[in-house]
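FYI, it's all coordinate maths here, none of it is from the lab. Please read all numbers here as calculations on a predicted model, not as lab measurements. Quick reminder, even Gly has a Cβ in these numbers, built from the backbone with ideal geometry, and neighbours come from all protein chains shown.
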Amino acid sequence: MLNSSADSHLEKGIVTQLRGYLAQIDLADDGRLPPERELSAALGVSRTELRKALDVLEAEGQLWRHVGKGTFMGSRPLDTFADIAALARRSNPAEVMRARIVMEPEICRAAAFTATPEDIAEMRMCLTRSRQAETWRQYEAWDTRLHRTIAEASQNTLLLGLFDTLNAVRRAVTWGRLRTEPVKPLPDHHSFAEHEAIVDAIEHRDIAAAAAGMRAHLQTVERKLLDRQ
């Protein structure tokens, strides 16, 4: 028991020592830690002791490891198809729509502040092509492109990355029976007018209207999705 207690005290001391060391060194821009041999030499501990301390910090979410690349400070990024597939398996269409309603109005708000004339022209082209779509698949392709163009217009790399992650999960989630009738959106399809209102608000720098328009649009999509379910 004494040896076990002493070992535990030693491990805690090494973890504390490692925390202090990592807090005061300059890491690479990507947060990569120095190689284990350098860390163990700097701390004066064995590689085995160091790995146990790294295990503790990893379990706390303070760092993550990538085999073949190294150990990095921070949370593991969501950047693989396996991660997307795992999220999709645990999610469902209603959950995806709730996430979109939280995120996309704020992206739209940012786009209304930063969109360029080129962004607006791209959005207008998407509106025209979606109205000309001959099938639901074509319409949904232009719908997706419009929403991503809005995300690009936010000029915020992080927001765009979050949008792409959510959109990848949306594509991977099973949405139930595909629409077969009619073969394409009708001329009075709700999204046409809603999309027009969103783009108008972005073009006129009406931040509040842009966010409200996107929220109302997605809430309509959510309501119709639940009706189909």
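Key figures for this structure:
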read-out	value
Highest-MSF residue in the chain out of 132, 62, 155 [GNM, Cα springs under 10 Å]	62
Ranked packing of 209-215, 183-189, most packed first, by mean Cβ within 10 Å	209-215, 183-189
Between 0 and 90°, nearest 10: helix 2-24 axis offset from the chain longest Cα axis	60 degrees
Nearest 10 degrees, 0 to 90: helix 81-90 Cα axis against the chain principal axis	70 degrees
Lys, Arg +1 and Asp, Glu -1 on Cβ, resulting dipole of the stretch 9-103 about Cα centre, debye, nearest 20	300 debye
Helical mean residue ellipticity (222 nm; -39500 (n - 2.57) per DSSP H run of 4+; nearest 500) of the chain	-23500 deg cm²/dmol
Calculated Kirkwood radius over Cα pairs in Å (choose from (1) 17.6; (2) 21.1; (3) 18.3), label	(2)
Normalised contact order of the chain, rounded percent, pairs of Cα under 8 Å and 6 or more residues apart	22 percent
Highest-MSF residue in the chain out of 204, 195, 66 [GNM, Cα springs under 10 Å]	66
Degrees separating the helix 157-172 axis from the principal Cα axis of the chain, which is the longest one	70 degrees
Within-14-Å neighbourhood charge of residue 35 [Cβ basis; K, R +1; D, E -1]	+4
Residue-count net charge about residue 169 - beta-carbon cut-off 11 Å; Lys, Arg +1, Asp, Glu -1	+2
Net +/- balance of residues flanking residue 25 in space, Cβ distance below 15 Å, scoring K and R +1, D and E -1	-3
